[in-house]
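The values are calculated or read from the model by the stated rules, or taken from the named source; none is laboratory data. Given the structure is predicted, the values throughout are model-derived calculations rather than measurements. Note that we place each Cβ from the backbone using ideal geometry, even for glycine, and neighbour counts take in every protein chain shown. Each accessible area value is taken on the protein alone, full model and side chains, heavy atoms only, with ligands, DNA and RNA left out. Shrake-Rupley method; radii C 1.70, N 1.55, O 1.52, S 1.80 Å.
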Amino acid sequence: MRHAPRTLSHVCEVPLPVDQTRSRVDGYDFRAPDSWDQFADVVALAYGGYEAVPEYRKIIGDIFEPKRSLLAHRAGETCATLALYSLDMSVPGGRQPIAGIGYVTVDPTHRRRGLMRDLIRRTLTGLHDRGEEAVAALHTTEPAIYGRFGFGSATRAVRIRIPRSSRELSTRPPAAPTDPPPSVRVLDPARCGAEITRIYEHAIDRRPGMPRRDGTWMRRALLDLPERRGGAGRLLCMLAGADDGEPATGYALYSLTAHWENSYPRYEVHVRELFANDPTAYVNLWRALLDIDLGGTVIADRPVDDAILALLDDPRSAAPVARDQLYTRPVDVARALAGRGYGAEVDLVLAVADPICPWNVGRWRLRTGTYEGECARTSAPADLALTVRELGAVHLGGTSLTQLAAAGRVVEHRAGALRAATRAFHHDPAPFCPTVF
Ligand SMILES: CC(C)(COP(=O)(O)OP(=O)(O)OC[C@H]1O[C@@H](n2cnc3c(N)ncnc32)[C@H](O)[C@@H]1OP(=O)(O)O)[C@@H](O)C(=O)NCCC(=O)NCCS
């Protein structure tokens, strides 16, 4: 039975100004920059006036794709910036090219007149017109900014703080060998870049949301500038499972911050990254991190379903706190939906609203096999109505359509469609993005 029809604008939660599809700013020119240097001053000003040290600036400049990025200028001065990165990211069922947006900044004296909106709109329109990436993604300094542009919260992390008193693990052999003791080596990350890259590359396809890292992105992931340590010691790397000449199967990047309580050492152990490709390496890495001499609290940002919460005897003590990470949005609905895999077979018509990209507006028929989907425009009646923001939120399989419907952000027009779609879009394990861009 079909529910009473409701209009699309009813579910379009995004506050829409008069017309978001056209420029509302006058007097600015928009063009691709020649190099990172044209971005640097506005970026530094926007983020608090910090000057990037030369080593960091070099890496940011190497990653930068000037031909794909955009700046707004007036009277020869850069007033606003947007960097665009060509990413290859894991999505449910495989990998998909993703347009990564970063360094959206506007000079403080040019704010609140629509420059950010215009940079985003021009970027999405350009991607569409040139038939490039069908999905865009970004990290945001403030979560309230990008929903209006159709970006939905797609991955989450939990910050865990494991106290010294909760080191007990609930593993049994063979996952937790105690004799011989865990085979973990501590090395300078610069000495094991190739092994880290190999382990990371292997880990990508098990979890959506992880971008591939070429040499430059990996150099950035391993960057350890004294100016950015915030009082911690240098970055260290643990490799697990590298016995008898066998390749390592897991690594942890971490640093220690000296801390004393009543004259006892209680150093904070900050885990920047931990990836392991088998349970033994995973358990051994955590065992070693929790057993570090002088160690107090171990702090890490982990996937919401990370095994550490099943590994600790007392997971409550880690007090996990969830936060949003990556925001995604379809640039082209049909290609975006056809570019990922699905967990169940569905045949659905989605009525889609889009505040910025008019080519996405309308009804789309999504037919999925167990692993793949196809999507095309249709005139058939809608089963679900939603905006691109909701499609972005569920794209990596970590946000539930049922949850969004309970918040009034998705409307079900055919009984059963919501449940079926929720199953199809869901992915286990949950997505996680370890790279900020
Ligand atoms: C965030 C920033 C880029 C906004 O630039 P801007 O040119 O002033 O933004 P616009 O004028 O295009 O604003 C577009 C809309 O976003 C809203 N908006 C802008 N900044 C916002 C913020 N920090 N939080 C919530 N909404 C914001 C505006 O109110 C406007 O709303 P509307 O749709 O109701 O009209 C700018 O303030 C900045 O450079 N901040 C520091 C760097 C930063 O945080 N960048 C974001 C990186 S992800």
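Here is how the numbers come out for the structure above:
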read-out	value
Test: residue in segment 403-418 that is open to solvent by 10 Å² or more (accessible area, probe 1.4 Å), under 22 Å from the mean Cα position of the chain (by Cα) and free of Cβ contacts under 8 Å to residues at least 12 places away in the same chain	yes
Test: residue in segment 261-276 that is part of a loop (DSSP other than H, G, I, E, B), among the aliphatic types (A, V, I, L, M) and not assigned by TED's automatic domain parsing to the domain that holds G398	no
Qualifying positions in segment 419-437 - of a type in the set (A, V, I, L, M, F, W, C) and either buried (at least 22 other Cβ atoms within 10 Å of the Cβ) or within 22 Å of the chain's Cα centre (by Cα) (or both)	A421, A424, F425, A430, F432, C433, V436, F437
Residue pairs meeting the criteria (Cβ under 9 Å; at least 6 apart or on separate chains; first closer than 27 Å to I59 by Cα, in segment 422-437; second assigned to a loop (DSSP other than H, G, I, E, B) and acidic (D, E))	F432/D305; F432/D306
I120 vs. criteria within 12 Å of the ligand (Cβ to nearest atom) and either in a loop (DSSP other than H, G, I, E, B) or touching a residue at least 60 places away in the same chain (Cβ under 8 Å) (or both)	yes
Test: residue in segment 336-354 that is open to solvent by less than 10 Å² (accessible area, probe 1.4 Å), outside any strand (DSSP E or B), out of contact with any Pro (no Cβ under 9 Å at 6 or more places or on another chain) and at pLDDT 95 or above	no
Residue tally, condition buried (at least 19 other Cβ atoms within 10 Å of the Cβ) and in a loop (DSSP other than H, G, I, E, B), over segment 300-319	1
So A80, is it more than 7 Å from the ligand (Cβ to nearest atom), of a type outside the set (D, E, K, R) and open to solvent by less than 30 Å² (accessible area, probe 1.4 Å)	no
Only listed residue being of a type outside the set (G, A, S), assigned to a helix (DSSP H, G or I) and either open to solvent by less than 60 Å² (accessible area, probe 1.4 Å) or touching a residue at least 24 places away in the same chain (Cβ under 8 Å) (or both), chosen from T216, T297	T216
Test: residue in segment 188-201 that is assigned to a loop (DSSP other than H, G, I, E, B) and surrounded by fewer than 16 Cβ atoms within 10 Å (Cβ to Cβ)	yes
Qualifying residue in segment 123-146 (condition: crowded, with 16+ Cβ neighbours inside 10 Å, in a helix (DSSP H, G or I) and within 12 Å of the ligand (Cβ to nearest atom))	no
Qualifying residue in segment 91-111 (condition: closer than 30 Å to A344 by Cβ, in contact (Cβ under 8 Å) with a residue 24 or more places away in the chain and surrounded by fewer than 18 Cβ atoms within 10 Å (Cβ to Cβ))	yes
